[in-house]
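For reference, the structure is listed below as structure tokens.
Just so it is clear, none of the values below were taken in a lab; they were calculated from the coordinates. Note that the structure is a prediction, hence the values are computed from the model and not measured. Counting neighbours? That spans all protein chains shown, and the Cβs are built from the backbone with ideal geometry, glycine included.
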Amino acid sequence: MVKTPQTLSTGRKVLLLSCKHCQTLLTDRAMKAMLVARPSVHLYSTDWEPMNCKSAVDEQDRLRISCSCELQRTACSCCGNIVGYYIVHPCNRCISQNTNGHKWVFHLEDVEEVSRLNLHGNGYLYWDTLKSNEPDDLLFLVKSYPNHIVINR
């Protein structure tokens with residue numbers, strides 16, 4: 001599992017992440033985080049299922065990190081490159097830790113970040129002001145980030 005340091009959880013910018021290989025938007029609500037099992041490992045995470053991503057379905061694509069969480073690789077649905085993983089079953093060690101609850105994780109080296117603007121476009125959007133049950137305004141995102149939005153048909 002992943003966590004966000006307590007001292008940094010408020011005032012953290014919401015990030016857009018795109019595939020570094022083809023620039024396809026993967027998520028519009030990510031944050032920087034670290035592994036519970038190895039705090040020196042930094043990455044990105046999100047609480048909502050990413051768009052334009054697909055999970056690997058072959059057993060050979062399941063992986064393990066330094067804890068016992070069961071993970072499944074996640075690939076960009078546009079170019080097919082692996083960009084991170086999904087936490088299928090968190091281990092007991094990670095469940096007992098103070099985590100951010102995010103189950104989708106992205107590798108720093110496979111994605112590009114852009115700080116997300118608020119709906120007025122006059123400042124950044126922060127996690128402590130983001131409403132978890134409020135759908136994002138896709139039209140606003142397309143207008144604000146035209147080079148990061150790829151709509152697959």
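Under the simplified labelling scheme, the Ser40-Cys79 pair shows an inter-label distance of 2.9 nm, with each label point 7 Å from Cα along Cα→Cβ.
Taking amide H positions as modeled 1.01 Å from N, with prolines and chain starts lacking one, the residues under 5 Å from Tyr124 and 5 or more places away or on another chain are Asn118. Extension gain for Asn118 to Ile95 (0.36 nm times residue separation, less C-alpha to C-alpha distance): 5.1 nm. Converting phi to 3J(HN,Hα) with the Karplus coefficients 6.51, -1.76 and 1.60 and the offset θ = phi - 60°, the stretch 68-76 yields 9, 4, 8, 10, 9, 4, 10, 10, 5 Hz in sequence order, with x at every glycine or proline. Compared with the alpha-carbon gap, the fully stretched path from Gln23 to Thr129 is longer by 35.5 nm at 0.36 nm per residue. Between amide H atoms placed 1.01 Å from N, distances below 5 Å from Cys53 occur with Ser77, all of them 5 or more places distant or on a separate chain.
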